[in-house]
Amino acid sequence: LQVCEFLTGKDKNRLALEIFEADEITTGDIIELISTFSFLMSGKIIGIKNCDGNASWSGAGFLSLGSLIEKGFPENHFLILTASTIDRRKKFFKTIDAKGLIIDCSVAKGARKADIKEQNEVLRQIADETAAKLGKQIQDRAFHMLVDLTGFDPRVLAGNIEKLAAYSAASKLITCEHVQ
C-alpha cells in the first residue's frame, strides 16, 4: 500500500486499485485491465501478488505482457508485480528492469547469525506494526516464541498477530500465555 500511496501522491481518490493473486488471473486479463481506461477514475493501479508461484502463466503470456511493458502503459496506469523469487536472467525481468522499476525486498534466507538477525528484524517490524494497528503490543518473549512456532513467513506471522490480538481481548499486551 505504501507503493500505491507513492504512485497516487495527492490524487489518492483519482486512481482505481485492483489487486489479484497470480493464480486468479491470466496474463491476457492483466493486459486487458492495464490497457483499459477507467470511466470514473483518471488512472489505475493493477497489483498482482505471488507471480513466481503461477505455473499457469504461459511463455506466450509473458511475451505479450513483456511487449506491453516495452510499449508502455496509458498515462496514470501502473502495474505492480510481486514475487518471492525471480530469475534475473529471463527476458521478462530484463524488460521490467529497463522500462520499469524493480524493488528488491529480499531478506537473507540463510541460517548464519547475521541472516537470522536480519530475518528477526523484518519479522519484529511486521509484528510491531500489525499489533500497533490493533491497539496492542507484543511482549519480547512472546514475539520470539511466536517466531519459533511460525518460522520466517511474514504473512503468516501478521495473521497470527491478528489472531492473538483478538484472543488477548482487553489486554493491551500479547504475552507468552496468549501464544501458548
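The values are calculated or read from the model by the stated rules, or taken from the named source; none is laboratory data. The structure displayed is predicted, hence computed values, not measured ones. Note: ideal-geometry Cβ built from the backbone for every residue, glycine included; neighbour counts use all protein chains shown. All accessible areas refer to the heavy atoms of the entire protein, side chains included, with ligands and DNA or RNA removed. Shrake-Rupley method; radii C 1.70, N 1.55, O 1.52, S 1.80 Å.
The Stokes-Einstein estimate for segment 84-145, based on a Kirkwood radius over Cα pairs and taken at 10 °C with 1.306 mPa s viscosity, is a diffusion coefficient of 110 µm²/s. Taking other residues whose beta carbon is less than 13 angstrom from the beta carbon of Glu129, and scoring Lys, Arg as +1 and Asp, Glu as -1, yields 0. Summed over all non-identical Cα pairs, the Kirkwood treatment of the chain gives a radius of 18.8 Å.
Within a straight-line Cα-Cα reach of under 17 Å, Lys91 can be paired with the following aspartates and glutamates, leaving aside sequence neighbours fewer than 8 residues apart in one chain: Asp52, Glu70.
Carbon-plus-sulfur fraction of the accessible area of segment 33-180, 1.4 Å probe, in percent? Carbon and sulfur atoms account for 56 percent of the accessible area of segment 33-180. Listed peptides 168-180, 100-112 appear in the order 168-180, 100-112 once ranked by packing, highest mean of other Cβ atoms within 10 Å at the front. Between His77 and Lys44, the built amide H atoms are under 5 Å apart, and every one of these is 5 or more places off in sequence or on another chain. Within a straight-line Cα-Cα reach of under 26 Å, Lys172 can be paired with the following lysines, leaving aside sequence neighbours fewer than 8 residues apart in one chain: Lys133, Lys136, Lys163. On a per residue basis, the chain carries 66 Å² of accessible surface, using protein heavy atoms and a 1.4 Å probe. Sorting the segments 28-36, 114-122, 41-49 by their mean number of nearby beta carbons within 10 angstrom, highest to lowest, gives 41-49, 28-36, 114-122.
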